[in-house]
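> First, the structure itself, so that you have it in front of you.
The values are calculated or read from the model by the stated rules, or taken from the named source; none is laboratory data. The model shown is predicted, which means the values in this text are computed figures rather than measured ones. Neighbour counts are summed over all protein chains in view; Cβ atoms, including those assigned to glycine, are modelled from backbone coordinates with ideal geometry. SASA here: full protein model, heavy atoms, side chains in, ligands and nucleic acids out. Shrake-Rupley method; radii C 1.70, N 1.55, O 1.52, S 1.80 Å.
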Amino acid sequence: MKLSQRQQAHLRSLPARLSAAGYHERELADLFELCDLYVLRDGIGARTLARCQQDTPLAHLGSFWFLGQTRPRALLEDLLGAQALAVLERLDLVQDSPEGVKARALLFPCLGRYLFTDLFAPVGDPQYQVYWLGSDSLGLARCAPRKPVGRSLDLCTGSGVHAVLAASHASEAWGVDINPRALHISRINALMNGQGAVCNFVQGSLYDPLPEGRFGLITANPPFVPTPRGDLAFFRPGGETGEAITEAIVRGLPERLEVGGTLALVSQHPVIRGSHLLDRVESWLGGADGWGLAYLMMAPLDRDEMIAGHIDTPGQFATQLGVEEGAAAYRREFETWLDSYEANGIEGVELGLFYVRRLEPGLPGWRTECQLNLPSGSLSSWVEDWLDAQERFSRPPDPGWRPSWTPGCQRLMLDARNGEGFVFRDPACRLGDFYLSPENAFLLNRADGRQSARQLAQSFALRFERKAGEGLTRLADLGRQLLLS
Amino acid sequence: MTTLRRSLAGLTSSLQAAGYEAPALRPILKRGILDITPELLPALVRRCQREGSPAARLIAFWLLLEPAPRCEMVDLMGSEALETLVEQGLVQEESGTFRARASLYPLLGGYYLADPVLSPGNTPWLSAPEYALALTAPRTSGEEAVDLNPGCGVQTVLNAGHHRKSWGRRVTPLSLLNALLNDREDSCRFAAMEEVIPGTFHLITARLPFLSEDSPLVSELAQRLEVGGTLALAVRQLIPDQPLLDRAERWLGGQNGWGLAQLEHSRRALSLKTPLSDLGFDMAGLQAGFQGAAESLLFIRRLESSRPGWRTCLTITPPQKPISDLVDAWLEAQERFSQAPPLASWRPRWSYTERLFLDSRSGLGYADFTRGFQSAVLDPASAFLLNRSDGTRSAEELVKACAEEYALTRSQAAESLAELGRRVLVV
């Protein structure tokens, strides 16, 4: 739907008004008493509902956009601007009713931007539902590299969230989706955030509709549900392994990712018996040379609960078919999914991001992985440091380097009886605390910026009766873990 | 009765031989006993089928209520036991297959029959409070115990393992069978709900609302609970409500002569989207303006009348394994270390401490427990004391060294050591 220049200006006025009302991620999560906004889909308590009836701009907007509550037109005109509200009505994002105005979309704040998505329960054809910002969307938004790049590309863009975010550090931000409704919403989101001139959204399958050329950043949150069913909404099915689209994205990288560029892809990755995710990525790339691969594992998910979450409940089956027949039908459907998972060796599912960095020709490939809880804010600079550290420490360190703790290494505890270490990470970086061997704990404990890597390696050799070279290797290992810099 | 006893004893042996025991559940089902839900039934059945072991087949039969061929069940449980189960209406036979009409739970080395967990609209008998009570109640030897929970008698049977006589509150066919099944029928006594159970007790187990503050037993607690005895109470409390320990003190009319300890093991928001079984509780709470609910265990220990009272509170993760001995040691430690310990004769050593980590730069300590309680963060002086508590030095020496090292008074250092005792890190 075409908007006039004036209407576009009214749409662009919304972020400032929302921000003035305190409509931000943290404030909304506090209003709803949730750890993060993605949890909203699971519902809120009645007490929270009562809190949202307070007469504050944030409570009005929060309950209007997220809880399906109507608000008087005059109030919304006051909060959002009368002309902006009229534009939203024209775009079918809000609807007038005798009780007041009602939202027909969700409106998420995300890292200083605002994004419309479809409601959790779709209002139109479910096939074309545009995905809300789930834990996967937020994980990618918060963990994508944000270094300035020339061109960025967001595949399976949905609401366009990752293209809109990339537009702040890319001179051109492209978004692709097969779903025409997603492109409609993406364009509205780009316009609303003042990125209409930087963002280009095109319809088609992955790289097909794009002009020639490579990208400095490629982001993707592809459909990933491993399923034997082909009739789920566009944003869900990833084929029987869940990786059909992921694989196609990775196979396109040699042609589409520039040297020094990075792919950041979030998914609920299948845990496949006898096969590691990064092994599969490596095989899709055709080998390890020239590629840096990193995996941030955010949360293991329960396979059985995931299946239950994607099929109708026993109650829904019972409503359609009666109690006994419904129970049998539910079981058959569940078993169809289980058969498919077993045939593909899928034992579990993990929420996580993987990164593929294209290295300078001739550089050896590297790979790494670590665990991370979903961060509540941007972790982009940490991710960049982490990827850079893999590259820097993929070779033995300079013996003259004077290692010291990074800000991410908050505290080293030593086991009073056997010398093993326990590292507390900076809580802000959301990395898990973990144990160190006595050898690595010894080195980390002495790395205070005063001694060179050579001196530390020699102390290590004396203490553990090993070769100094092993000490240097261990220091590099601590560097790759972002404990030393 | 003899035949019944013999066939149930045979059943117990067969189940044990098949490995049908509580620790076997999680590896097979990939979840705990409290997380079995009707939605996941197809997946759980499949997990049992794939596992295929005798334990997995028994889980499918007894907990998931899957039908099983007669020959398979005869092979696993014996024909005599199965005949008895059919006679008792606990198992139904239909054209060559058996199907359980009750659930049979393995717990703490025993077996407990109960209403089926997966019946439509049914509540698992082994609710979280009941399960927590089974795993935490301090069951030390005593003369008589009483369990005030109606139901299938699980606490009564567990209490009977440590008491000459163990009273249960309600006679049901299942509670009697459970006493027989676990070979505790001689020490178990079941009374009717309204019946006044006579005597004094070494252990009282209960959960709200089956013991409430207006229960006669509460007003008579000083007469009914032996000195050194414990009331273990599972409580689900609305928040904000009066703090549980304040409430308990009000019941008892003061703190003197009583030790009060609270273990809070879960907390959640009240919700409209809550499981059906909790809906009434949540709705009542929501209507009254409460924001959440906490699950706790309250332990009330009767002290010698001359002893000063004490109270303490800890937050733990919901227990998955039995920690009754740890809870008992914790309660004992509150009493033992409520005053300055005898320094000259005591040689402190690690108690439930598994590992001690020391911060290489600040001296702070981080003590891991062997199980049950969450890790404790210690100030440098406490970490210093714990690090040196190896049973070779007297408390006096430790206190002196600590006072010198950290510029503390002797009594401050002694108090730090006593606090380590109260946290069951040293004994």
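> Out of everything in region B:354-364 that is at the interface with chain A (Cβ under 10 Å from one of its Cβ atoms) and in contact with a strand residue (DSSP E or B) (Cβ under 6 Å, 6 or more places away or on another chain), what residue ends up being farthest from residue B:376 (Cα to Cα)?
At the first step, the residues of region B:354-364 found to be at the interface with chain A (Cβ under 10 Å from one of its Cβ atoms) are B:355-362, B:364.
If we keep only those that are in contact with a strand residue (DSSP E or B) (Cβ under 6 Å, 6 or more places away or on another chain) too, we end up with B:355-360.
Working: B:355: 11, B:356: 10, B:357: 10, B:358: 12, B:359: 13, B:360: 17 Å.
In this case the residue turns out to be B:360.
> While we're here: Can you report the number of residues in region A:347-379 which are within 22 Å of the chain's Cα centre (by Cα) and within 14 Å of another protein chain (Cβ to nearest Cβ)? Spell out how you get there, then give the answer.
Going through region A:347-379, the residues within 22 Å of the chain's Cα centre (by Cα) turn out to be A:348-358, A:367-379.
Next, only the ones that are within 14 Å of another protein chain (Cβ to nearest Cβ) stay: A:348-349.
The number of residues fulfilling the criteria is 2.
> When residue A:295 is evaluated against the numbered criteria (1) away from chain B (no Cβ under 14 Å); (2) on the phi > 0 side of the Ramachandran plot, which criterion, by number, is the only one it fails?
Failed condition: (2).
> Would you mind finding the one in A:376, A:437, A:340, A:381 that is open to solvent by less than 50 Å² (accessible area, probe 1.4 Å), assigned by TED's automatic domain parsing to the domain that holds residue A:169 and among the polar types (S, T, N, Q)?
Details: A:376 fails: open to solvent by less than 50 Å² (accessible area, probe 1.4 Å); A:437 fails: assigned by TED's automatic domain parsing to the domain that holds residue A:169; A:381 fails: open to solvent by less than 50 Å² (accessible area, probe 1.4 Å).
Of the residues listed, the single one that is open to solvent by less than 50 Å² (accessible area, probe 1.4 Å), assigned by TED's automatic domain parsing to the domain that holds residue A:169 and among the polar types (S, T, N, Q) is A:340.
> Here is a follow-up. Inside region B:336-354, can you point out the residues that are at pLDDT below 90 and open to solvent by less than 70 Å² (accessible area, probe 1.4 Å)?
Across region B:336-354, the qualifying residues are B:338, B:341, B:343.
> Quick one: in region B:199-211, which of the residues that are assigned to a loop (DSSP other than H, G, I, E, B) and over 24 Å from residue B:128 (Cβ atoms) is most open to solvent (accessible area, probe 1.4 Å)? Before you say what the answer is, go through the steps one by one.
Filtering region B:199-211 for residues assigned to a loop (DSSP other than H, G, I, E, B) gives B:199-200, B:208-211.
Next, only the ones that are over 24 Å from residue B:128 (Cβ atoms) stay: B:199-200.
Working: B:199: 39, B:200: 65 Å².
Ranking the qualifying residues of region B:199-211, first place goes to B:200.
> Give me the pairs: first residue in region B:8-35 and over 21 Å from residue A:308 (Cα atoms), second residue in a loop (DSSP other than H, G, I, E, B), beta-carbon distance under 6 Å, and six or more apart or on different chains, which are they?
Partner pairs satisfying both residue conditions: B:10/B:78; B:14/B:78.
> Looking only at residues in region B:229-261 that are in a strand (DSSP E or B), of a type outside the set (A, V, I, L, M) and open to solvent by 10 Å² or more (accessible area, probe 1.4 Å), which one is nearest to residue B:323 (Cα to Cα)? Walk me through it before giving the result.
The initial filter retains those residues of region B:229-261 that are in a strand (DSSP E or B), namely B:229-239, B:258-261.
Checking which are of a type outside the set (A, V, I, L, M) leaves us with B:229-230, B:236-237, B:258-259.
From what is left, the residues that are open to solvent by 10 Å² or more (accessible area, probe 1.4 Å) are B:236-237, B:258.
Working: B:236: 20, B:237: 22, B:258: 22 Å.
My answer is B:236.
> Would you please list the contacts, defined by Cβ atoms under 7 Å and residues six or more apart or on different chains, that run from a residue in region A:55-84 that is more than 15 Å from residue A:19 (Cβ to Cβ) and part of a loop (DSSP other than H, G, I, E, B) to a residue that is modelled with pLDDT of 95 or more and β-branched (Val, Ile, Thr)?
Listed by first residue and then by second, the contacts come to A:70/A:101.
> Any chance you could count how many residues in region B:167-178 are within 18 Å of residue B:204 (Cα to Cα) and of a type outside the set (Val, Ile, Thr)? Let's see the steps before the verdict.
Looking only at region B:167-178, we keep the residues that are within 18 Å of residue B:204 (Cα to Cα), and these are B:167-171, B:175.
Add one more test, that the residue is of a type outside the set (Val, Ile, Thr), and what stays is B:167-170, B:175.
The qualifying residues number 5.
> Just to verify a result, which residue in region A:317-346, among those that are within 32 Å of the chain's Cα centre (by Cα) and away from every other protein chain (no Cβ under 11 Å), is farthest from residue A:279 (Cα to Cα)?
The residue in question is A:340.
> Right, another one. Could you please find all residues in region A:1-18 being without any contact (Cβ under 8 Å) to a residue 24 or more places away in the chain and either in contact with a Gly (Cβ under 7 Å, 6 or more places away or on another chain) or within 22 Å of residue A:378 (Cβ to Cβ) (or both)?
A:16
> Quick one: which of A:118, A:136, A:177, A:154 is on the phi < 0 side of the Ramachandran plot, outside the structural domain of residue A:299 (by TED's automatic domain parsing) and of a type outside the set (Gly, Ala, Ser)? Please lay out each step first, then the result.
Values: A:136 fails: outside the structural domain of residue A:299 (by TED's automatic domain parsing); A:177 fails: outside the structural domain of residue A:299 (by TED's automatic domain parsing); A:154 fails: outside the structural domain of residue A:299 (by TED's automatic domain parsing).
The match here is A:118.
> Taking region A:145-164 on its own, how many of its residues are open to solvent by less than 10 Å² (accessible area, probe 1.4 Å), among the aliphatic types (A, V, I, L, M) and over 26 Å from residue A:42 (Cα atoms)?
Here the count works out to 4.
> Restricting the search to region A:271-309, which residues are open to solvent by 30 Å² or more (accessible area, probe 1.4 Å), within 17 Å of residue A:238 (Cβ to Cβ) and not aliphatic (A, V, I, L, M)?
A:275, A:309
> Just to be sure before I move on: is residue A:474 more than 27 Å from residue A:146 (Cα to Cα), surrounded by fewer than 20 Cβ atoms within 10 Å (Cβ to Cβ) and not assigned by TED's automatic domain parsing to the domain that holds residue A:291 in the structure I sent? Lay out the reasoning, then the answer.
Numbers: more than 27 Å from residue A:146 (Cα to Cα): yes; surrounded by fewer than 20 Cβ atoms within 10 Å (Cβ to Cβ): no; not assigned by TED's automatic domain parsing to the domain that holds residue A:291: yes.
Against the criterion (more than 27 Å from residue A:146 (Cα to Cα), surrounded by fewer than 20 Cβ atoms within 10 Å (Cβ to Cβ) and not assigned by TED's automatic domain parsing to the domain that holds residue A:291), residue A:474 does not qualify.
> Inside region B:367-382, can you point out the residues that are within 11 Å of residue B:353 (Cβ to Cβ) and within 12 Å of chain A (Cβ to nearest Cβ)?
B:367, B:368, B:375, B:378
> Between a residue in region B:58-76 that is in contact (Cβ under 8 Å) with a residue 40 or more places away in the chain and any residue that is crowded, with 18+ Cβ neighbours inside 10 Å and polar (S, T, N, Q), which pairs come within a Cβ distance under 7 Å, given they are 6 or more apart or on different chains?
If the second residue must be crowded, with 18+ Cβ neighbours inside 10 Å and polar (S, T, N, Q), the pairs left are B:62/B:103; B:63/B:103; B:76/B:14.
> Sort out which residues of region A:177-188 are closer than 21 Å to residue A:237 by Cα and touching a helix residue (DSSP H, G or I) at 6+ places or on another chain (Cβ under 9 Å), and write them in order of number.
Scanning region A:177-188 gives A:177, A:179, A:180, A:181, A:182, A:186.
> State which residue is nearest to residue B:195 (Cα to Cα) when the search covers only region B:134-159 and only residues that are at pLDDT below 85 and buried (at least 20 other Cβ atoms within 10 Å of the Cβ).
Taking region B:134-159 as the starting set, the residues that turn out to be at pLDDT below 85 are B:149-152.
Now restrict to residues that are buried (at least 20 other Cβ atoms within 10 Å of the Cβ): B:149, B:151-152.
Numbers: B:149: 14, B:151: 16, B:152: 17 Å.
Looking at the filtered set, the residue picked out is B:149.
> Going residue by residue through region B:195-202, is there one that turns out to be within 22 Å of residue B:105 (Cβ to Cβ), of a type in the set (Gly, Ala, Ser) and at pLDDT 85 or above?
Just the residues of region B:195-202 that are within 22 Å of residue B:105 (Cβ to Cβ), to begin with: none.
Checked against the condition, which is being within 22 Å of residue B:105 (Cβ to Cβ), of a type in the set (Gly, Ala, Ser) and at pLDDT 85 or above, region B:195-202 yields no hits at all.
> Still on this model: Being outside any helix (DSSP H, G or I), away from chain B (no Cβ under 14 Å) and surrounded by 15 or more Cβ atoms within 10 Å (Cβ to Cβ) is the requirement here; does residue A:391 meet it?
So residue A:391 fails the test.
> If I filter region A:37-55 for residues that are over 17 Å from residue A:134 (Cα atoms), more than 12 Å from chain B (Cβ to nearest Cβ), of a type in the set (A, V, I, L, M) and within 24 Å of the chain's Cα centre (by Cα), do I get at least one hit? Before you say what the answer is, go through the steps one by one.
Applying the first criterion (over 17 Å from residue A:134 (Cα atoms)) to region A:37-55 yields A:45-55.
Still in the list and also more than 12 Å from chain B (Cβ to nearest Cβ): A:52-55.
From what is left, the residues that are of a type in the set (A, V, I, L, M) are none.
No - not one qualifying residue is present in region A:37-55.
> Here are some residues: A:227, A:219. Which one is modelled with pLDDT under 95 and either in a strand (DSSP E or B) or open to solvent by less than 10 Å² (accessible area, probe 1.4 Å) (or both)? Even if it seems obvious, please write down each step before you answer.
Values: A:219 fails: modelled with pLDDT under 95.
Answer to the selection: A:227.
> Residues that are more than 23 Å from residue B:41 (Cα to Cα) and touching a residue at least 12 places away in the same chain (Cβ under 8 Å): find the helices (runs of 4 or more DSSP H) completely inside region A:248-340 holding 3 or more of those.
Details: elements: A:253-256, A:277-285, A:303-310, A:314-321.
It comes to A:253-256, A:277-285.
> Okay, next question. Among (1) surrounded by 18 or more Cβ atoms within 10 Å (Cβ to Cβ); (2) more than 14 Å from chain A (Cβ to nearest Cβ), where does residue B:16 come up short?
Going through (1) surrounded by 18 or more Cβ atoms within 10 Å (Cβ to Cβ); (2) more than 14 Å from chain A (Cβ to nearest Cβ) one by one, residue B:16 breaks only (1).
> Here are some residues: A:479, A:421, A:408. Which one is open to solvent by less than 20 Å² (accessible area, probe 1.4 Å), within 14 Å of chain B (Cβ to nearest Cβ), closer than 27 Å to residue A:143 by Cβ and of a type in the set (Gly, Ala, Ser)? Can you show your working first?
Numbers: A:479 fails: within 14 Å of chain B (Cβ to nearest Cβ); A:408 fails: within 14 Å of chain B (Cβ to nearest Cβ).
Of the residues listed, the single one that is open to solvent by less than 20 Å² (accessible area, probe 1.4 Å), within 14 Å of chain B (Cβ to nearest Cβ), closer than 27 Å to residue A:143 by Cβ and of a type in the set (Gly, Ala, Ser) is A:421.
> For region B:100-133, which positions are part of a loop (DSSP other than H, G, I, E, B), modelled with pLDDT under 90 and open to solvent by 10 Å² or more (accessible area, probe 1.4 Å)?
Across region B:100-133, the qualifying residues are B:115, B:116, B:117, B:118, B:119, B:120, B:121, B:122, B:123, B:124, B:125, B:127.
> Given A:142, A:151, A:146, which one is part of a strand (DSSP E or B) and basic (Lys, Arg)?
Only one candidate passes the filter, namely A:151.
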